[in-house]
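The next block holds one structure in the form of structure tokens; read it before the comments.
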Amino acid sequence: MKKIKPIMLLAAVLITVTLIVPAILVLPFHGEKVSGTLEENLQQPKPQAENTAAQPAVEVAVYRTAKQMVEKIPLEQYVVGVVASEMPADFEKEALKAQALTARTYIAKQLMSNEKMKLPGDAIVADSELYQVYKSDNELKRVWGSDYSWKIEKIQEAVQETSGQILTYNGTPIDATFFSTSNGYTENSEAIWSNSVPYLKSVASPWDKNSPRFNGQKNFTVKEFESLLGVKLSGSSTIGKVIERTAGKRVAKVDINGKVVTGKDIREKLGLMSTDFTWERKGSDIIIHTRGYGHGVGMSQYGANGMAKEGKTYADIVAYYYQGIEIGGTDTLMAAITAKK
């Protein structure tokens, strides 16, 4: 028998090792899915950020009356300034959140409108009561003084917790009207304005009786009264007779010595707090007592605070004062606003 030469034996061993070792290394994974875990946890790859440009922030062009200039204010900052100016900061947070929705809805409606406001430049609102009262952060610091910190923090939270929410009816922003204090009832829109709005209908608002503005009084001389209203009183103690009332139990029409005058005109011409009034004549003076403060249409602010004190949420509050509405998002609206730019 021939002996195998040492060099041939070494070559055979090397060939065998070369063929067998790779097979051994592969065998543990044969017929199985590779899990990627071999005594270690591999990190999943992070998704790549989309290569899209950031959407520009929505700004509100506000005509600042005192400065006589237009300022561009980020939307949510504008809402903070409105809520801080329109509702007492010591109100319940749920009431402040309801106010934030009215403020954001109002400006969303303005932003979506194609009607040009009669304001300088590209302003769509002013900072006065004719629109929504707005104060900047520096103005609020001056007004609130040492109370600034807690007040602004509370209002910012209310705005942030409702961010992106507006009030809609049939998918569009509503006329989110509001006022200070009712006479115990809110008013139908047609009692104040020319059109009847389905979500602006009279509802009971008993919480308003706790408002410091629930009762008011104003005095006139007979001559002032006659001059302001363009009427002539008779010689009797009778001033006028109410011949019609509104759904909100306010004065709709009064017959004053043969001349019919609306409650709305009387309120505006005499500067009364409300169209719910009674009067009496004492000699040469006329004393007028009012109940409530404001036009009475939409959300009562003191009513909202009363509801919040009873545990109602901001969603409960707006659903009560604006009948049949929904709380919608601003995403679609903001996209449309941005597209208009």
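A few remarks follow.
- Residue ID - nearest to Ser202 (Cα to Cα), chosen from residues in region 213-239 that are part of a loop (DSSP other than H, G, I, E, B) and not hydrophobic (A, V, I, L, M, F, W, C): Arg213
- Matching residues, region 301-316, being closer than 9 Å to Glu94 by Cβ and outside any helix (DSSP H, G or I): Gly311, Lys312, Thr313
- Out of Lys72, Lys93, Lys135, one residue alone is at pLDDT 95 or above, charged (D, E, K, R) and touching an Asp or Glu at 6+ places or on another chain (Cβ under 6 Å). It is Lys72.
- Annotation: of all residues in region 240-261 being under 40 Å from the mean Cα position of the chain (by Cα) and outside any strand (DSSP E or B), the one that is surrounded by the fewest Cβ atoms within 10 Å (Cβ to Cβ) is Ala247.
- Lone unmet requirement of (1) part of a helix (DSSP H, G or I); (2) on the phi > 0 side of the Ramachandran plot for Lys97: (2)
- Where a residue in region 227-239 is under 14 Å from Gly283 (Cβ atoms) and its partner, wherever it lies, is among the basic types (Lys, Arg), with Cβ under 7 Å and at least six apart: Ser237/Arg281; Ile239/Arg281
- When the test is whether a residue is part of a helix (DSSP H, G or I), at pLDDT below 95 and in contact with a Lys or Arg (Cβ under 9 Å, 6 or more places away or on another chain), Leu111 passes it.
- Some residue of region 79-92 being surrounded by fewer than 23 Cβ atoms within 10 Å (Cβ to Cβ) and polar (S, T, N, Q): yes
- Checking each residue in region 93-124 for being over 15 Å from the mean Cα position of the chain (by Cα) and surrounded by 13 or more Cβ atoms within 10 Å (Cβ to Cβ) picks out Met112, Met117, Leu119, Ala123, Ile124.
- Flag for Glu268 being under 30 Å from Phe91 (Cα atoms) and not assigned by TED's automatic domain parsing to the domain that holds Thr105: yes
- Residues (over 15 Å from Leu96 (Cα atoms) and acidic (Asp, Glu)) located in region 157-213: Asp175, Glu187, Glu190, Asp208
The values are calculated or read from the model by the stated rules, or taken from the named source; none is laboratory data. Note that the structure is a prediction, hence the values are computed from the model and not measured. Cβ: placed from backbone, ideal geometry, glycine included. Neighbour counts: every protein chain shown.
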